[in-house]
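Read through the structure below, which is laid out as structure tokens, and then see the notes.
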Amino acid sequence: MTRPLPRGGTLLLASIAGTAIANNYAVQPALTTVAADLSVPASVIGLVPTAALVGCMIGFAVLLPLTDHLAPSRLVTAQLGALALALVLAASAPGPVPLLAAYVLIGAAASVAAQAGNIAGRHAPPERRGTGVATVAAGMSAGILLSRLVGGALADMVGWRRMLLVFAAVALLGAIAAFTRLPRQRPRPLPRPDRGYRATLASLPPLLRQHPQLRRAVARGGLWYFAFNLVWVALTLALAQPPHSLDPTAIGLYGLAGLLGFAALPVTGRLTDRYTPQAVIVVCMLAAAAGTALLATGLNSPPATALGLALFDAGCFAAQAANQSRVIALDPGRSGSLSSVYLVLYFTIGAAGTALAAPLLDTVGWQGTALTAIAALLLAAVIR
């Protein structure tokens, strides 16, 4: 039987998840400064977020399944230590190639955020699993939401290289806390030779065939992440163009609407434990679709746009927490492998939304793009 986390363990995992995933985004406000410092075009340094995303996908694919094999204290400590080292390498990068390579490593190590959610769900009693996963998801959301603000402020105060060193120090503090506070027991007895780590990786693709509910979770999650990326990328482009012509700072302020999504997550966890993930997901998709419908009426009213984004973000964030708790519940003993398959495909489908945002905006305009997102959200709501 899996032992419960120590007192404060879930909050520790939420903090680790938030501070780890923040490293994928914190440098973004300083990219032009980085380009000038390294004497390279901004378009080259603009590949840093892509490198971090590639690394994160690698981490989901090859590191997340380790939660089925290693003790949480060892695994989380090692990954946070690797994250700190990768941040130091990025801070000392003499040119763009070493910096991009370091950000692939940063993204891979930052996937510890997904491991934290998996560990919280695995060690929670079944009747509290939704709350545990939602708490860690709230930490991740806070990290994503505040990362650019904190990273930009630190870069202005101490420079981008020292800013990365500050984040490296935070990762080391998290590693110390994880080593002393998280469980030291393996999630199950030592695997037989034919069920080791390599066999686990080889077994990932067949999981989709073995678990129809995993396929449905991938379809649901992929659809709303497609809509999420589609709306946010297209919104940024639309607000920067006439007749709005907003500057990056003004556009960035709309990101604060995500605070509602962050605030909704703990409530979502309790509702998931009380009712069913499917019921919570349907309500969340309807809320997200309502927010997107408000956005589709036009972007001329900042309050209406902010309210639409708040409903949209809250629906997508909360649905993700409910969906992940459902994935973990399929087989808690293999939750790392199941979550690996889920997140890799989730991000892959979501990337299509990013790629299609600009072409759709040019072809059908903002309203047509918003209606496309609504269709994806409603389709996610009806998948059982």
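The values are calculated or read from the model by the stated rules, or taken from the named source; none is laboratory data. Not measured: the values here are computed from a predicted model. Positions of Cβ are generated from backbone atoms using ideal geometry, with glycine treated the same way; all protein chains shown enter the neighbour counts. Accessible surface areas use protein heavy atoms only, side chains included; no ligands, DNA or RNA. Shrake-Rupley method; radii C 1.70, N 1.55, O 1.52, S 1.80 Å.
Solvent-accessible area per residue in the chain equals 43 Å², computed with a 1.4 angstrom probe and all protein chains kept.
On the accessible surface of segment 1-98, probed at 1.4 Å, how many percent belong to carbon and sulfur atoms?
Answer for segment 1-98: carbon and sulfur cover 70 percent of the accessible area.
A simple spin-label model places pseudo-atoms 7 Å from Cα toward Cβ; at Asp331 and Leu286 they are separated by 3.4 nm. Amide H contacts of Leu204: none lie under 5 Å away among residues 5 or more positions distant or on a separate chain (H built 1.01 Å from N in the peptide plane; Pro and chain starts excluded). Each residue was assigned an accessible area with a 1.4 Å probe, and for Thr297 the value is about 100 Å².
Using only Cα atoms, locate the centre of segment 289-332 and the centre of segment 87-144, then give the distance between them in Å, rounded to an integer. When both Cα centres are located, 21 Å separates them. For segment 71-126, dividing the convex hull volume of the Cα atoms by the residue count gives 54 Å³ per residue. The fraction of Cα-Cα pairs per 10 angstrom bin, counted from 0 for the chain, comes to 5, 24, 33, 26, 10, 1, 0 percent, rounded to whole percents.
A convex hull fitted to the Cα coordinates of segment 1-79 yields 105 cubic angstrom per residue.
Residues of segment 97-137 with the amide nitrogen closer than 12 Å to a label point 7 Å from the Cα of Asp37, along Cα-to-Cβ, please. The answer is 99.
In this structure, the amide hydrogen of Ala71, modeled 1.01 Å from its nitrogen in the peptide plane, lies closer than 5 angstrom to no residue at least 5 positions away or on a different chain. Surface listing: Ile383, Ile119, Ile176, Ile144 arranged by accessible area from highest to lowest gives Ile176, Ile144, Ile383, Ile119, probe 1.4 Å.
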